[in-house]
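Data first, discussion second: the structure below is written as structure tokens.
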Amino acid sequence: MPRVLTLLFVFLLGCRADADPDSVLLWHAYSGAEQDALRESVARIEREQGIKVRLVSVPYEAFADKLTAAIPNGNGPDLFVFAHDRIGHWTANHLIEPLEYYVDDSIANRYAFEAISAMSYEGSLYGLPLAVKSVALFYRTDILKEPPSETNQLFAMNELYTHAWDGYPLVYENTNLYPHALWLHGFGGSLFDKDGQRTSLATPEAVAALTFARKLDRDKVVPGGVDARMVATLFNEGKAAMAISGPWFQNDINDDVPWAVATLPMVSDTGLAAKPFLGVEGILMSSRAKNKDRAFAVLDALTSDDDAVFRAIAAKQIVPNQAAYETSEISKNPALMAFRKQLDSTVPMSASPLMRSVWTPYQNALLKVIDQGDDVADALRSAESEMKSYAEGQQ
């Protein structure tokens with residue numbers, strides 16, 4: 001179906017004239033097990049609270065644009081599920097409702113600090129966390145008894161097995177900013193200054209992190225030029241002892257592969273933990289929600305501890321609710337527990353509108369250095385210059 005017709009179809013579906021005006025309209029982009037779990041959760045809320053909830057699935061690639069177009073005209077959802085990194089943009093355009101009036105300490109304290117703080121922007125809270133996503137360290141238990149605790153061990157592994165084993169110690173998408181960020185943070189760097197309003201890409205810490213990433217490639221600790229598909233292939237074929245990826249990677253591992261998950265190693269050069277980006281998928285309320293009290297009741301129920309336990313088991317989501325990890329259903333699941341432990345060593349992705357413009361310049365710098373051999377500092381300065389031009393254009 002052409003994109004224009006798809007958008008029109010979704011628009012009409014979300015705004016049917018015969019829709020129940022007392023219902024809560026919730027948009028999402030889930031599919032598979034996550035969509036099934038959401039439907040079951042909504043059915044339970046309808047039974048227990050008597051609130052009608054209409055679910056509308058919106059294609060992910062059209063989601064943000066559709067929200068931006070629909071909400072100001074009163075045609076959008078009451079609630080929607082999306083990652084936290086667009087909050088700054090949506091706040092600037094008055095598309096989302098601050099939730100301080102509805103959220104007390106008993107609700108806020110449900111969640112890990114990193115998760116609830118990611119839903120905040122410039123002193124206001126704009127959503128409640130539903131699921132968290134970061135990368136961690138997958139390893140094959142038939143190759144490694146224990147994963148490395150610090151990065152120096154990666155190079156030692158390569159020297160030890162280079163002649164006996166036709167493979168690599170580690171595989172990840174090393175020219176992708178998302179996994180590279182764990183080295184940036186592990187070397188003490190950051191994408192933004194302390195105020196979170198200006199990019200800061202060419203710092204000494206960033207240079208050290210990218211130099212380290214290049215060394216991993218040159219010393220053949222990791223293979224270069226791999227995408228997500230190749231990460232899974234090398235891991236499944238036993239040509240990589242470890243892989244850096246997120247909880248979604250579980251679905252890519254073959255049934256006959258023995259594996260486990262661990263937290264990422266400490267960076268030996270700094271003594272700091274390698275901290276990946278944290279993405280927080282939350283439920284946000286539209287500034288044009290028809291009945292905000294009723295909408296919040298649904299939002300509250302969908303992010304409750306009981307619902308978090310259900311989603312963790314049914315959809316393999318890494319949930320932010322602290323109490324969920326004290327239940328027997330989750331505490332006995334080593335993969336879920338490993339990702340929960342990694343959560344304590346993450347850096348929430350910035351919700352600044354500038355974040356969207358970081359990806360291409362930074363990933364170009366990664367490609368220039370790792371694939372083409374360019375100077376590290378020059379590549380990062382070029383990326384920073386591109387970002388500053390963008391920032392000045394927005395003033």
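If I ask for residues that are assigned to a loop (DSSP other than H, G, I, E, B) and out of contact with any strand residue (DSSP E or B) (no Cβ under 9 Å at 6 or more places or on another chain), which ones from the stretch 272-304 would you list?
Arg288
Mind telling me which of the residues Arg39, Arg47 ends up being at pLDDT 95 or above, more than 25 Å from the chain's Cα centre (by Cα) and not in a loop (DSSP other than H, G, I, E, B)?
None of the others qualify; the one that does is Arg47.
Any idea which of (1) at pLDDT 95 or above; (2) under 19 Å from Leu128 (Cβ atoms) is the one Gln342 doesn't satisfy?
Of the numbered conditions (1) at pLDDT 95 or above; (2) under 19 Å from Leu128 (Cβ atoms), the odd one out for Gln342 is (2).
Give me a count of the residues in the stretch 128-153 that are assigned to a strand (DSSP E or B) and under 30 Å from Ala295 (Cα atoms).
Matching residues across the stretch 128-153 total 6.
Going by what's in this entry, would Ala295 be described as farther than 22 Å from Ser350 by Cα and in contact (Cβ under 8 Å) with a residue 60 or more places away in the chain?
Answer is yes for this residue.
What's the number of the only condition in (1) modelled with pLDDT under 95; (2) among the aliphatic types (A, V, I, L, M); (3) touching a Gly at 6+ places or on another chain (Cβ under 7 Å); (4) surrounded by fewer than 20 Cβ atoms within 10 Å (Cβ to Cβ) that Ala228 fails to meet?
(3)
So if I check each of Asp256, Asp252, Asp219, which one is in the same structural domain as Met387 (by TED's automatic domain parsing) and without any contact (Cβ under 8 Å) to a residue 12 or more places away in the chain?
On inspection, the qualifying residue turns out to be Asp256.
Restricting attention to the stretch 305-359, and to residues there that are among the acidic types (Asp, Glu) and in a helix (DSSP H, G or I), which single residue is surrounded by the most Cβ atoms within 10 Å (Cβ to Cβ)?
The selected residue is Asp307.
If the requirement is being among the β-branched types (Val, Ile, Thr) and farther than 30 Å from Thr263 by Cβ, which of these qualifies: Val369, Val309, Val298?
From the options Val369, Val309, Val298, the qualifying one is Val298.
Could you list, in sequence order, the residues of the stretch 192-224 that are farther than 24 Å from Gln153 by Cβ and not acidic (Asp, Glu)?
Within the stretch 192-224, Phe192, Lys194, Gly196, Gln197, Arg198, Thr199, Ser200, Leu201, Ala202, Thr203, Pro204 meet the criteria.
Restricting attention to the stretch 27-35, does a residue exist that is touching a strand residue (DSSP E or B) at 6+ places or on another chain (Cβ under 6 Å), at pLDDT 95 or above and surrounded by 15 or more Cβ atoms within 10 Å (Cβ to Cβ)?
yes
One line per residue, one yes/no per condition, for (1) modelled with pLDDT under 95; (2) assigned by TED's automatic domain parsing to the domain that holds Leu99; (3) buried (at least 23 other Cβ atoms within 10 Å of the Cβ):
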position: Arg140; (1), (2), (3): no, no, no
position: Lys145; (1), (2), (3): yes, no, no
position: Glu150; (1), (2), (3): no, no, no
position: His163; (1), (2), (3): yes, no, no
position: Tyr178; (1), (2), (3): no, no, no
position: Ala181; (1), (2), (3): no, no, yes
position: Leu184; (1), (2), (3): no, no, yes
position: Arg198; (1), (2), (3): yes, no, no
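The values are calculated or read from the model by the stated rules, or taken from the named source; none is laboratory data. Since the structure is predicted, the reported quantities are computational estimates derived from the model, not experimental observations. Cβ: placed from backbone, ideal geometry, glycine included. Neighbour counts: every protein chain shown.
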